[in-house]
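The values are calculated or read from the model by the stated rules, or taken from the named source; none is laboratory data. Given the structure is predicted, the values throughout are model-derived calculations rather than measurements. Note that we place each Cβ from the backbone using ideal geometry, even for glycine, and neighbour counts take in every protein chain shown.
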Amino acid sequence: MLSDLYDLSLTTASAAARDAYVEASGLALTFYPGAAEAYDRAIAADPGFALAHAGKAQLLMRQGDVAAARAALATAKDLTSDVSEREASHVAFFDLVFAGRTEAAIAALQAHLAAWPRDALIVASAANPNGLIGSSGRIGQKRQIAALMDSLAPHYGDDYWFTSYHAMALSEDGQLATARAKIERSVAANPNNAHGTHGFAHICYESGEPETARAYLSSWLATYPREGFFHGHLTWHLTLCELQAGNWPEALRRYRDAIALDRHSGGPQQRVSDGAAFLWRSELAGHPRDAAAWRALYEYGNSALPRPGAGLADLHVILVQAVMGDDAALDSRARQMEALAREGRYPSGSYLPSLSRGIVAFERGDFSAAIEALAPLAGESERIGGSRAQHDLIEFTLLKACLNAGRLEEARRLLGARRPGASGIPVLGAETLN
C-alpha cells in the first residue's frame with residue numbers, strides 16, 4: 001500500500017495521486033505556495049482519494065474560503081466508507097473542527113494521536129497558537145500545547161517540520177533556551193520552511209533579540225514568494241522589529257508593501273489582524289493615524305468577517321469598529337458573542353465583550369474607564385488564542401492608558417510584571433518609567 005510523508009498508509013492505488021498528495025502536504029505544512037494545485041493534481045489522478053479532498057479542505061479553510069472548504073470536506077466524508085480506520089478518523093476530526101465543536105474535537109485529537117502520532121496534518125491543525133487548542137478558550141493552553149508536542153517528539157526524531165512546531169510551542173510556554181536550540185536545528189535543516197522562520201521570529205521576540213529577527217526576516221523574505229501565505233504575517237513580525245528600533249519610515253514602507261489590504265497574502269482573518277495590529281501599535285508608539293487605512297479595514301472586515309468567529313480575529317475587528325466609532329456594530333458583535341458563549345459555542349466566553357468596553361473607552365480618551373475594564377482581564381489573554389507577541393497589543397494598550405491617565409505607579413507595576421526577556425515596549429512615554 002502507498003504511504004504519505006510520515007509512512008502512514010493511503011487508500012489510493014494511484015502512484016501519481018500519492019506523489020501529488022505528498023507534495024501538497026509538504027507545501028501546506030511549510031506554508032509554501034503550490035499546495036492547492038498539488039491537491040488538485042492528486043484529486044485529478046484519483047477522484048476517490050478521500051484524504052486529498054480533506055487536505056484541500058484544510059487549505060481552503062486557512063485561506064478563508066469557508067464554503068469551498070466545507071464542500072471539499074463533505075466530498076471527503078462521502079468517500080470514507082472504504083478507507084482505513086486512520087483516514088476515517090482523520091476526516092472525522094476535521095469535520096468536528098469545521099463544525100466548531102471544540103471540546104469534541106480536542107477529545108478526538110487525543111484519541112487520534114494516541115493511535116497515529118505521526119499524522120502531521122492533524123498535529124499542525126492543533127499545535128500552533130491559532131489552532132484547535134489555541135482557540136479553545138482554555139487558560140493554560142500554552143502549557144498544554146507544549147506538553148502535547150513533548151509527548152509526540154519521540155515519534156518524529158529530528159524531522160525539521162515537527163521541530164519547528166515543537167520549538168514554537170516551547171517558546172510560547174517560556175522554555176526559550178530549549179526552543180532556541182530546536183529552531184536553529186530546524187531552519188538549518190530546511191531554510192524554506194516558512195513556519196520555521198515564523199518560529200524563529202517568535203523566539204527572537206520572546207528572547208529580546210529584535211535585531212537578530214530583523215536581519216533574518218529581511219534576508220528570508222527577499223526570496224519567499226510574494227503569494228506565500230505567510231508573506232504578510234512575517235512582514236508584520238518585521239515591522240515589530242522596526243517599530244522597536246524607532247525606524248518608522250521603514251516600518252511604514254513594509255506595511256504598505258506587504259500588510260495593507262491590497263498587498264497581504266493571507267486569508268481574511270490574517271489580513272484584518274495584521275493590518276489592525278500594525279496600525280494600533282503604531283499609534284501606541286506615537287505615530288500618526290492613517291484614517292484611510294482604518295476605513296478600508298472597516299469596510300473589508302464588515303464584509304469578510306461579519307459575525308464572531310475566532311477570538312483573535314474578533315479582537316482586531318473590535319479595534320477597527322472602535323476606531324471608526326461604530327457603536328452599533330460593537331454592541332451587536334458583543335451580544336452575538338455573549339449568545340454564542342451561553343450556547344457553549346464561543347470558547348473565549350465573556351472575555352472579548354469585556355475587552356471591547358476597554359478598547360472603546362481608550363479610543364474615546366476615557367483612560368480611567370479603559371483601565372477599569374482592561375486591568376481585571378490581565379493574565380487571561382490566552383482565551384482568544386494567538387501568540388504572546390499578539391497579546392502584547394492588549395498589554396501595551398493598558399500601559400498606554402495608565403500613562404495617559406497619569407497613573408504612573410500602575411504603569412510601573414505593569415512593566416514589572418512583564419514576562420522576563422521579551423522584546424521591548426514601543427509605547428510612547430514608557431521610556432520615562434525607568
Restricting segment 393-430 to residues that are part of a loop (DSSP other than H, G, I, E, B) and aliphatic (A, V, I, L, M), the one surrounded by the fewest Cβ atoms within 10 Å (Cβ to Cβ) turns out to be Ala417
Among the residues of segment 280-306, write down those that are free of Cβ contacts under 8 Å to residues at least 24 places away in the same chain and assigned to a helix (DSSP H, G or I).
Glu283, Ala291, Ala292, Glu299, Ser303
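Give Gly416, Gly379 a once-over and let me know the one that is in the same structural domain as Cys241 (by TED's automatic domain parsing) and either at positive phi or touching a strand residue (DSSP E or B) at 6+ places or on another chain (Cβ under 7 Å) (or both). Steps first, please.
Values: Gly416 fails: either at positive phi or touching a strand residue (DSSP E or B) at 6+ places or on another chain (Cβ under 7 Å) (or both).
Just a single option satisfies the conditions, and that option is Gly379.
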Conditions: (1) over 18 Å from Leu176 (Cβ atoms); (2) in a helix (DSSP H, G or I). Gln390 meets all but one. Number of the miss?
(1)
Checking the structure you have, find out if any residue of segment 81-99 is outside the structural domain of Pro191 (by TED's automatic domain parsing), more than 27 Å from Glu227 (Cα to Cα) and in contact with a Lys or Arg (Cβ under 7 Å, 6 or more places away or on another chain).
yes
A careful count of residues in segment 369-387 that are assigned to a helix (DSSP H, G or I) and within 22 Å of Gly199 (Cα to Cα) gives 4
Helices (runs of 4 or more DSSP H) wholly inside segment 60-178 containing at least 3 residues that are more than 26 Å from Gly34 (Cβ to Cβ)
85-98, 102-115, 141-152, 160-172
Check segment 325-343 and report whether any residue there is more than 21 Å from Asn404 (Cα to Cα), modelled with pLDDT of 95 or more and assigned to a loop (DSSP other than H, G, I, E, B).
yes
With the checklist (1) surrounded by 21 or more Cβ atoms within 10 Å (Cβ to Cβ); (2) over 30 Å from His233 (Cβ atoms) in hand, flag the one item Leu60 doesn't pass.
(2)
